[in-house]
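Only the coordinates and a few stated rules stand behind these numbers; no lab work does. As the structure is a computational prediction, the values presented were derived from the model and not from experiment. In this analysis, Cβ positions are derived from the backbone assuming ideal geometry, glycine residues included, and neighbour counts consider all displayed protein chains.
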Amino acid sequence: SYQLKNIEEPIRVLDFQGEVLGEFSNEKRSFLNINSISPYFFYALFSVEDTEFYNHTGVNYSAIFRAFFINMISFKTIQGGSTLTQQLSKLLFTDGSRSLKRKIYEFFCARELEKIYTKEDILLMYSNLILFGHGAYGVQFASQLFFKKNAKDLDLGEASFLVGLISNPSRYSPFLKKK
């Protein structure tokens, strides 16, 4: 059995009729359905993070071997081989620490996620949970933070920018002063 990492729920303040007056949370997120996210976001996501998303069962063995080989000959980590499903497993079930034990656990979790959920479910969970920096979790809040628009209205350039942030939000954020 898997232990789900805590995903912070916002504190909601309600009026006497049960209507939401406000929400308070350190993590800003909203959960969208597939039609509420620009297809450009998914195109960019597949091209950068997992070109074989629809052709694997959670793990892309050739990508792992390719990354291992490239990293070995360069003596440093240049490339990753994780699929979107493995990245989702990391988000949901681990503390994100760098260790072989975590990578093995992530591997098995990814395989199980692919047995339980559809590809669309996995894609939506990933898109709604991933950190884009500055407390913005998920494509909706990132879209609002960086472009003042809804995720469904992103153009190709905006969607590509957001996907580019995923690998290292603090390094690529335009809001942070670079030295």
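Taking amide H as placed 1.01 Å from N in the peptide plane, residue 131 has its amide H under 5 Å from the amide H of 138, each at least 5 places away in sequence or on another chain. In order along region 88-102, the phi-based Karplus estimate (6.51 cos²θ - 1.76 cosθ + 1.60, θ = phi - 60°) of 3J(HN,Hα) comes to 5, 4, 4, 5, 7, 10, 10, 8, x, 5, 8, 7, 5, 4, 5 Hz; Gly and Pro are listed as x.
An oblate overall shape is assigned to region 80-179, the ratio a/c of its alpha-carbon gyration tensor axes (a ≥ b ≥ c) being 1.5 or greater and a/b not exceeding b/c. As a rough guide to protection, the peptides 40-46, 167-173 ranked by mean Cβ packing within 10 Å, highest first, stand as 40-46, 167-173. Extension gain for residue 103-residue 150 works out to 13.5 nm (0.36 nm per residue, less the C-alpha to C-alpha distance). Evaluating 6.51 cos²θ - 1.76 cosθ + 1.60 at θ = phi - 60° for every residue in region 142-158, the Karplus couplings come out as 5, 4, 5, 5, 8, 10, 6, 8, 6, 4, 5, 9, 5, 8, 4, x, 5 Hz, glycine and proline recorded as x. Packing, taken as the mean count of other beta carbons within 10 Å per residue, orders the peptides 156-164, 53-61, 137-145 from highest to lowest as 137-145, 156-164, 53-61. Amide hydrogen proximity for residue 56: with H placed 1.01 Å from N in the peptide plane, no residue at 5 or more positions away or on another chain lies under 5 Å. The amide H of residue 83, built 1.01 Å from its N in the peptide plane, has 60 as neighbours under 5 Å, considering only residues 5 or more places off or on other chains.
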